[in-house]
Every structure is written in structure tokens, then in C-alpha cells.
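Read through the structure below, which is laid out as C-alpha cells, and then see the notes.
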Amino acid sequence: MGTSLATAALLGGQRASPATTDATGMTLQQAAAALRNSSVSPLELTRACLERIEAENPRLNAFITVTAEQALAKARQLENELARGHWRGPLHGIPLALKDNIDTAGVRTTAAAKAFADRVPATNAEVVRRLDEAGAVVLGKLNMDECAYGVTSDTGYFGAVQNPWAAGYTAGGSSGGPAAAVAARLCYGAIGTDTGGSIRQPAAWCGLVGLKPSYGLVSARGVIPLSWSLDHVGPLCRTAGDAAVLLQAIAGFDPEDPASIDSPRTDYLQSLAQDTKRLRLGLPRRMYFENLDPEIGSAVSAAIDILRDLTAGVQDIDLPDVPRLSLMFVEANAYFSDALKASPDGFSAGTRALFDMGGRISAADYAGAKQRLEVSRRTVRKVFNHVDVIVTPTTPNLPDRLGGGSAAPAPRGPPLSARNTTPFNIYGLPTVSVNCGFSKSGLPIGLQISGPAQGDATILALAHAYQRRTDWHTRVPGQ
């Protein structure tokens, strides 16, 4: 996969000197620029990440499986390609990692469940195929909540993920392993999944950029589902620019994924340069800004002041009420029921309760929920007659201690930490979380920016403009 001269120029503007900087301290874009100018090699980047994984993963528990031999072999192949003058694009030689519900041929994919502990797929998920084609080096598979059901990443068979910013605190869920790995500089980016906030909430609690793309923009084929109607696949990175590079590689129509949309190709990296001064911002204060932790409220208010200066202005709006849906429970039951019958002790009690709940919901209730979902996705379009972008806190609360107040979703609604994220899965809208500060105790705080369907380039551009005005994203755990 190639790239334009203009894109190469953008990458070249991200400077870093591996001679004076720890290679793992670079952003994805900086690492790509260093590879392009031959100041570092794919093998050097891969070895640096593997060394850091060896040193830090025993503490963080971010990886379930490390594929060191395969990663080094792929890095050598990509190094040889560069020596022959073949450059696949900005992911050529970049070490990444994958949430462990994303199928990898010949490498176990467990969904952090005992029942799947030895599950080895025969084929790659479509997103993995695209990353491989783009030249990424996959370092391994990342820890998560069991079956992607949870918001703490401490419910899985392989143990709890630690927040890199504070030992004993949750990294968020269900993509806690991806978030912890990227924040701790174990890889340059990761791919996670998001059914109710599982990319954005960990991104907020680990100080990262986490993008839930438009529903269907990125293929979910080959991803162990929690809910076909609500699942999204997307990147966790250090910057909006890094997320744009990853989205460029993984977005695109997949005729074998029923949910995939055939949207016009977009140059997400080039789109970062678009003028944000025309954008009208909407603040849905009802619910989304209520009962906030005071430190979150203060940080988000300061961030909105910056966004006000970067855009055409801010106005209060109302978002359509979000229906309570039974979709996740029914669809989870449909996928996992055979595994549950074969291995009833292969899942935790909480996850078994999810499956059981789905089995008790009638076909009529499920059909009604599907209809309400489609009505919600159509109704929310009207909001964008008046605004271009929606801004909220990502989470109302700061990270909990492991084993603390967070809980898995329930029929009455999502847990508090997913209150602001879940509606956007129902709406199917692109949504990104970007770090906007830290609590007095040093815990990260997230700002959520959402746009209309297929408005992924716009929200990334605004997140990028915000990061150019601030330095929150440059801070590193432990420093």
C-alpha cells in the first residue's frame, strides 16, 4: 500500500531522533518518519518494544500473548523491503498490538475467557489482513474484560490490567489491555473494540486518543462479537494523527461483513489540516454534563474554552433519548450459547448471567429493539442541521480502584463510566476521546468529540487541532 507525496511530507514533519530519544517514546507518526529517513529500522523498533514488554508487562498484565518470533520475522521482511526501495506506507515497520477478541491466524484468540484459552483461528480478521498489507508488525494479543463484557478489564481469565498511571486502578474496559499497552509505550498503537464505550473509556482513563469509527466503516469480520448491532472496531493511540494513520489502513468496504458500509475513500491524514473555524459545537448538557466529578467538570470546561476559540462557537443542544435495548444480551447469547453448552464452567458467573438474560428475551422484544435502534440512528441526524460536532466529557467519573465501584452493564442501563459513551454506539456515530487533563492525584481525564455518520475525518481534525494547542498528550506515566 503506497501513500502520496503530501502524506509523506506530513509524516516528515513529525521529528524524533532515536539517537537521543528512547525509540518507544516516539509517537506512531514520529516512528514512521524515522523509518522513512532510515534513522531507525523495523527491527530496532520491534526489539525496543519487545524489551519494554518484557520489562513492564509483568506489572501491567496488558498482553495475554506475545508473538515475539513472528514479530521479529515480519520486521526482518519489512526491513528487506525498505532496502529494496519498497515502502508500503506510514505503517511500514510499525509495531502494533491487537485486542484478544480479534482473530489472528495460527495465534490463539481468547476473548479473555477460559473456554477460549486454547482457541486458535485458522484465518485473520479483516482488520488484521489490512494491517498486514499496510506493513504493520503485530507484537501480540492484549488483555480485556471477558468476552468484551465489562468496563474494568479485571473480569477476564488472565487477570486484571493495571492502569499505567496508578497501580491498583483500573485501566478501563473492555479494551483495557490495548489502552495500558499504548500508554505504557509497549507499542505505537493498538486496535480495540467498542460496544458501549470499550475504546473510549479506557482511552480516557489511560490518557490516550481512542476512536470509535462510524458504524460499519471498519470491518468487524473475524472479531468475536458481543453485539453485531453495536460493535465497532477502532484504534487507540497517543495522538489524533496516529489514529488517522491507523484508520486509513483499516477503514474500507468489506463485502463479506453485513454491517460494512461502502463509503467514499477519505484521506484521514490529509484531513487533519482542514479548517476547524467553520465547525459549530453542540453541548448536550442534559445527562451528559450532570453529576460529573468536579475535577472532570473543571478540565472539560477548560477544554471547551479552547475549542470555542478553534471553532465557530458553542451552543447548547438536546440529543434524542436513547432507548433501552436488549440487543446486546440477545446477540451475545446467540454467538456464545454453543460455547456455553460445551464448557459451562468456561465463563465467569457475570458473563454467564449475560448469556442467560439474552436467552430469556423474546423474539418480539428483540425485533422491537432492532426497530428502535434504527429509529434512533435516523433521528439523531437532525441534530446536525444545527451543529457539526458534539462535545461531552468521555466519562463522568475518574478511574476506580480495581475491585471498586465499576460494574458490568445491566438491563436498566450502562454503568456510570459508560453513561456518556453508550448512546453513541446506539446512534452509530463516530466518536473520539482525547486527553484533556489530569486529576490532582494524576489520573487522566477524557474529552469526547462526536460527529455525524461518516464524519470521522472532522472529529479527528478537531481533536488534532486541540492537541496542537495543548500538551496533555505528551505526558508519560511515571515521569
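The values are calculated or read from the model by the stated rules, or taken from the named source; none is laboratory data. Nothing here was measured: the structure is a model prediction, and the numbers come from that model. Cβ placement follows ideal geometry from the backbone for every residue including glycine, while neighbour counts extend to all protein chains displayed.
Would you point out the residue of segment 429-447, among those that are assigned to a loop (DSSP other than H, G, I, E, B) and more than 15 Å from the chain's Cα centre (by Cα), that is surrounded by the most Cβ atoms within 10 Å (Cβ to Cβ)?
Per the criteria, the residue is LEU443.
Kindly provide the set of residues from segment 448-462 that are touching a helix residue (DSSP H, G or I) at 6+ places or on another chain (Cβ under 9 Å) and surrounded by fewer than 24 Cβ atoms within 10 Å (Cβ to Cβ), ordered by number.
PRO452, ALA453, GLY455, ALA457, THR458
Of (1) of a type in the set (Lys, Arg); (2) under 17 Å from GLU56 (Cα atoms); (3) surrounded by fewer than 24 Cβ atoms within 10 Å (Cβ to Cβ), LYS141 satisfies all except one. Which?
Checking LYS141 against (1) of a type in the set (Lys, Arg); (2) under 17 Å from GLU56 (Cα atoms); (3) surrounded by fewer than 24 Cβ atoms within 10 Å (Cβ to Cβ), the one that fails is (3).
When PRO344 is evaluated against the numbered criteria (1) in contact with a helix residue (DSSP H, G or I) (Cβ under 8 Å, 6 or more places away or on another chain); (2) closer than 20 Å to THR394 by Cβ; (3) without any contact (Cβ under 8 Å) to a residue 24 or more places away in the chain, which criterion, by number, is the only one it fails?
The single condition PRO344 does not satisfy is (2).
Go through (1) within 21 Å of ALA112 (Cβ to Cβ); (2) touching a residue at least 60 places away in the same chain (Cβ under 8 Å); (3) part of a helix (DSSP H, G or I) one by one and return the number of the condition THR65 breaks.
For THR65, the exception is condition (3).
Going by the conditions given, is ALA122 surrounded by fewer than 24 Cβ atoms within 10 Å (Cβ to Cβ), of a type in the set (Gly, Ala, Ser) and closer than 30 Å to ALA34 by Cβ?
When the stated conditions are applied, ALA122 does not pass them.
Does VAL218 satisfy being within 17 Å of ASN124 (Cα to Cα), touching a Leu at 6+ places or on another chain (Cβ under 9 Å) and β-branched (Val, Ile, Thr)? Write out each step before concluding.
Values: within 17 Å of ASN124 (Cα to Cα): yes; touching a Leu at 6+ places or on another chain (Cβ under 9 Å): yes; β-branched (Val, Ile, Thr): yes.
Spelling it out, VAL218 is indeed within 17 Å of ASN124 (Cα to Cα), touching a Leu at 6+ places or on another chain (Cβ under 9 Å) and β-branched (Val, Ile, Thr).
Give me the helices (runs of 4 or more DSSP H) completely within segment 268-326, filtered to those with at least 3 residues that are at pLDDT below 95, ordered by residue number.
Working: elements: 268-271, 285-288, 294-310.
Of the helices (runs of 4 or more DSSP H) lying wholly inside segment 268-326, none has at least 3 residues that are at pLDDT below 95.
For segment 121-154, give me each residue that is under 21 Å from THR351 (Cβ atoms) and β-branched (Val, Ile, Thr).
Once the filter is applied, which keeps residues that are under 21 Å from THR351 (Cβ atoms) and β-branched (Val, Ile, Thr), segment 121-154 yields VAL151, THR152.
Against the condition part of a loop (DSSP other than H, G, I, E, B) and either in contact with a Pro (Cβ under 7 Å, 6 or more places away or on another chain) or at positive phi (or both), how does GLY192 come out, does it pass?
no
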